[in-house]
1. Suppose we filter Arg483, Arg471 for residues that are closer than 16 Å to Arg418 by Cα and either in a loop (DSSP other than H, G, I, E, B) or at pLDDT below 95 (or both); which single one remains?
2. Could you check Asp462 against (1) within 16 Å of the ligand (Cβ to nearest atom); (2) assigned to a loop (DSSP other than H, G, I, E, B); (3) at pLDDT 95 or above; (4) farther than 30 Å from Arg281 by Cα and say which number it fails?
3. Within the stretch 376-385, is even one residue surrounded by fewer than 17 Cβ atoms within 10 Å (Cβ to Cβ), modelled with pLDDT of 90 or more and on the phi > 0 side of the Ramachandran plot?
4. Only one of Lys107, Lys150 is in contact with a strand residue (DSSP E or B) (Cβ under 7 Å, 6 or more places away or on another chain), outside any loop (DSSP other than H, G, I, E, B) and basic (Lys, Arg). Can you tell me which?
5. Based on this model, can you work out whether Ile498 counts as in contact with a strand residue (DSSP E or B) (Cβ under 6 Å, 6 or more places away or on another chain), within 20 Å of Trp404 (Cα to Cα) and among the hydrophobic types (A, V, I, L, M, F, W, C)?
6. Against the conditions (1) farther than 21 Å from Ile317 by Cα; (2) surrounded by fewer than 19 Cβ atoms within 10 Å (Cβ to Cβ), where does Gly240 fall short? Just the number, please.
7. Across the stretch 189-217, what is the number of residues that are among the small types (Gly, Ala, Ser), assigned to a helix (DSSP H, G or I) and over 18 Å from Gln376 (Cβ atoms)?
8. Go through the stretch 312-323 and give me each residue that's surrounded by 21 or more Cβ atoms within 10 Å (Cβ to Cβ) and touching a Leu at 6+ places or on another chain (Cβ under 7 Å).
Amino acid sequence: MEEKILVLDFGGQYNQLIARRVREQHVYAEIKPYNGITPQQIQQAGYQGIIFTGGPNSVYDPKSPHYDPAILELGIPILGICYGAQLMAYMAGGRVDSAKDSSEYGKTQFYTSQSLLWKGIPESSICWMSHTDYIAQAPESFRVIAHTDKCPCAAMCDEARKLYAVQFHPEVTHTQFGKQILTNFLFDICGCVGSWKMEDFVARSIETYRRKLEGKRVLLALSGGVDSSVAAVLLHKAIGKNLVCVFVDHGLLRKDEADFVEHTFRQIFDLNLIRVNAQERFLTKLAGVTEPEKKRKIIGEEFIRVFEQEAKKLGKIDVLVQGTIYPDVVESGAGDASTIKSHHNVGGLPDVIAFDEILEPLRELFKDEVREVGTQLGIPKELVWRQPFPGPGLAVRIIGEITWEKLELLRQADAIFREELEKGGASANQYFAVLTDVRSVGVMGDDRTYGRTIALRAVTTDDFMTAEWTRLPYEVLERASSRITNEVPGISRVVYDITSKPPATVEWE
Ligand code: XMP
């Protein structure tokens, strides 16, 4: 059986990061909410090790997440992190206290004493702390193996039972030797060998789906985004023309994007692709609509309708593929742990299309892993590294009513900005142009003009939940502004958006 680690989620903000850090070391990690699996199920599943995540609670709070102490007796190595460390102390009979003057936040010096967990790291180094409660007394069978100036027990272990606990967060990069600590836990304590490789995932998936889907008709909504593109090529390699991909061109894509998607999948991969040119339909539905959420709703509903019509033409569909990825599946253990988010761009499809089964070939993978699979499948860089693009497309980047003329102006301005940013060697995680509804006075030759205003937006972010506006070089902004006002008719002013998120969102609508 393949080796794997269980990340038992107690609601910590870094739960997904922990799983990613484990997988980066080629050990497969699964996140399960603490109330979603019993010790018996854990034993049966054959995990090599368990990690208790952090969490926002205090172990003495009656509402805080607890766990059956039988887990400590399974003989499976456990690493408790932050709240997980305190919980382990509490479960094993130690004492956890809360004291304001013992709380630590941020980079903290810590001092270690001999333990397998510290193999290859110096006696003193920096870790990332974020806690108020602390382990005031380690349980009887445990030994304190690290402390800080404020915290008497920054780490502890019971070597005989292979139980380890660290008050700090080894998974964040601010912890100087965090990676080494996790390596020690995975390889020296749990005995993993690091056999989880993306090549294997690709080969195994192709083989599995080839067998499982033999003779079946499989349908996929291809958006040209990373997830649906990777899912499409993966399944195409498995079942060839039995996979039908429907690509709805709603007319709200960026310059040349629809042709690029069609060309890539038809010419390079020889996919069984149906392109639906539904630009008119969408524009008609959107006529006169200015309210952002209404635009989103109309586009979502119309998308489903178009897709449904195409699916009906195809006759009986056995399997519907969705591009769901791991972060869509995993919700925090602190909330309703069993909630599963539907993939936001194709969320409504299962309700309207008759099929026997849903298949989510990427549901185990994080975004960076999906990109790696895409690269291995030979998908062009432009697609694999494509920046996020909202499902409703340019509709949420045109303030006010959407018309074909405005879409064409925005497409040109947006293409110029992206080209200049990339040519100028600048980098941002998302960058685009917005067509505002502001008109302003300008001059051109001897004439007074009254043209439209384009706003440029570029953000730097890890997760798009928060974002900084990107400090782009003035030369890039200058060239973009000058080209847009010269080359795009009707644009007489260009402004740069210098708002971070929060308070602003990334998109303008
Ligand atoms: P905001 O504007 O909410 O954007 O700060 C965060 C990220 O989400 C993208 N976004 C969307 N994606 N449908 C999508 O598929 C949408 O309706 C939508 N709205 C925003 C946005 O581009 C950014 O990456």
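The values are calculated or read from the model by the stated rules, or taken from the named source; none is laboratory data. Since this is a predicted model, take the numbers as computed values, not measurements. Positions of Cβ are backbone-derived with ideal geometry, glycine not excepted, and every protein chain shown enters the neighbour counts.
1. Values: Arg483 fails: either in a loop (DSSP other than H, G, I, E, B) or at pLDDT below 95 (or both).
Criteria check complete, one pass: Arg471.
2. (3)
3. Within the stretch 376-385 (the criterion being surrounded by fewer than 17 Cβ atoms within 10 Å (Cβ to Cβ), modelled with pLDDT of 90 or more and on the phi > 0 side of the Ramachandran plot), the answer is yes, since at least one residue qualifies.
4. On the way: Lys150 fails: outside any loop (DSSP other than H, G, I, E, B).
Of the residues listed, the single one that is in contact with a strand residue (DSSP E or B) (Cβ under 7 Å, 6 or more places away or on another chain), outside any loop (DSSP other than H, G, I, E, B) and basic (Lys, Arg) is Lys107.
5. Numbers: in contact with a strand residue (DSSP E or B) (Cβ under 6 Å, 6 or more places away or on another chain): yes; within 20 Å of Trp404 (Cα to Cα): no; among the hydrophobic types (A, V, I, L, M, F, W, C): yes.
The answer is no for Ile498.
6. The one condition Gly240 does not meet is (1).
7. Kept after step one, since they are among the small types (Gly, Ala, Ser), are these residues of the stretch 189-217: 191, 194-195, 203, 205, 215.
Retained after the next criterion (residues that are assigned to a helix (DSSP H, G or I)): 203, 205.
Keeping just the survivors that are over 18 Å from Gln376 (Cβ atoms) gives none.
Residues flagged as among the small types (Gly, Ala, Ser), assigned to a helix (DSSP H, G or I) and over 18 Å from Gln376 (Cβ atoms) within the stretch 189-217 amount to 0.
8. Going residue by residue through the stretch 312-323, those that are surrounded by 21 or more Cβ atoms within 10 Å (Cβ to Cβ) are 319-323.
The answer is Val319, Leu320, Val321, Gly323.
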